[in-house]
Structure formats: structure tokens, C-alpha cells
Amino acid sequence: MSQLRNRYYKGIFLAATIYDISLGIIFTFLFKQAFAVLGIAYKLPRYGAYIALIGAFLFVIGVAYLLIFLGDLRKNLNLIIVGALYKFAYCAVAIFYFAIGEYPHIIFLTLFGIIDLIFFVMMTECAIYLRKYVRA
């Protein structure tokens, strides 16, 4: 794999690291403030543990993206596939709840959903490239 392509793919995972670790911290420890900023504090569940748990999951997947970034892409192919599926899962849920008219705020679909869709496409392209063109 060329150095340029390697840097491009690693850049994707560095960006995903920063994005998911940041959101993980915010939604684990500052979810009330985040919902207030979005103007949807009234949509918070009665018990904040649900939101904090989602934030913790975001933090953990951010650490996984960091491991991909720091490691050998070829050796981390399985982790790349899991990371892409994680991004797809968010997009699928966001689109489903948008389709049935039950999303908490447009930003969850437009901003987070579109960002995760972009990450999904780029991570999937990386996984396909690694499987097809790079022999371990």
C-alpha cells in the first residue's frame, strides 16, 4: 500500500477517534448540558444512565479507532469492519426513527447521522481495499 493511501486511511481513523471520544465524554458526563444546548432537555429519559451508557460506548469505539490508527491497518482489518458496522448501525437507527417521525432532534439525524454515514462509506472502502488488494 502506498504511503499516501496509508496516511489517508489512518487519517480517517484519527478523525473517528477524535469525534467518538469527544462525543463519548460529552454524552457520558455532560449529557444534560448537551441536551440543553440542543434545546431538547425535555426529551431526556428519567434516568440518565441510558444516555451515559451510550456515551461510554462511544468512548470505547473511539478507543478502538485509536488502536486502528496506531496499528497496522492490515492486521486490524476485523476491527475496521466492526468500526464500519458501528457507524452503519447509527445511520440505520437514525434513518429508521426519522422515517417514522420519532427522532429527538434534527441534529441527531442530520449532523451525527450524516457524519457517521460518511465515516461508514470511508471505512467500508478501506476494508474492501485491504481485503482485495493487500495481502497480509
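Taking segment 93-134, which residues are in contact with a helix residue (DSSP H, G or I) (Cβ under 6 Å, 6 or more places away or on another chain), surrounded by 15 or more Cβ atoms within 10 Å (Cβ to Cβ) and over 26 Å from Tyr9 (Cα atoms)?
Phe98, Tyr103
Does segment 96-108 contain at least one residue that is under 18 Å from Val60 (Cβ atoms) and either under 16 Å from the mean Cα position of the chain (by Cα) or not acidic (Asp, Glu) (or both)?
For segment 96-108, residues under 18 Å from Val60 (Cβ atoms) and either under 16 Å from the mean Cα position of the chain (by Cα) or not acidic (Asp, Glu) (or both): absent.
Looking at Ile54, Ile68, Ile12, which one is assigned to a helix (DSSP H, G or I), within 21 Å of Glu102 (Cα to Cα) and either among the acidic types (Asp, Glu) or under 17 Å from the mean Cα position of the chain (by Cα) (or both)?
One residue alone meets the criteria, Ile54.
Scan segment 74-105 for residues that are assigned to a helix (DSSP H, G or I) and among the basic types (Lys, Arg) and report the count.
Count: 1.
For segment 41-49, check the following and say yes or no: at least one residue is among the hydrophobic types (A, V, I, L, M, F, W, C), closer than 14 Å to Asp20 by Cα and part of a helix (DSSP H, G or I).
No, segment 41-49 contains no residue that is among the hydrophobic types (A, V, I, L, M, F, W, C), closer than 14 Å to Asp20 by Cα and part of a helix (DSSP H, G or I).
Would you please name the residue that is nearest to Phe120 (Cα to Cα), looking only at residues in segment 1-39 that are small (Gly, Ala, Ser) and either surrounded by fewer than 14 Cβ atoms within 10 Å (Cβ to Cβ) or modelled with pLDDT of 95 or more (or both)?
Filtering segment 1-39 for residues that are small (Gly, Ala, Ser) and either surrounded by fewer than 14 Cβ atoms within 10 Å (Cβ to Cβ) or modelled with pLDDT of 95 or more (or both), the one nearest to Phe120 (Cα to Cα) comes out as Ala16.
For Pro45, are the conditions met, namely being modelled with pLDDT under 95, of a type outside the set (A, V, I, L, M) and surrounded by fewer than 14 Cβ atoms within 10 Å (Cβ to Cβ)?
Considered against the rule, which asks whether it is modelled with pLDDT under 95, of a type outside the set (A, V, I, L, M) and surrounded by fewer than 14 Cβ atoms within 10 Å (Cβ to Cβ), Pro45 comes out as yes.
The values are calculated or read from the model by the stated rules, or taken from the named source; none is laboratory data. Note that the structure is a prediction, hence the values are computed from the model and not measured. Note that each Cβ is placed from the backbone with ideal geometry, even for glycine, and that neighbours are counted across all protein chains shown.
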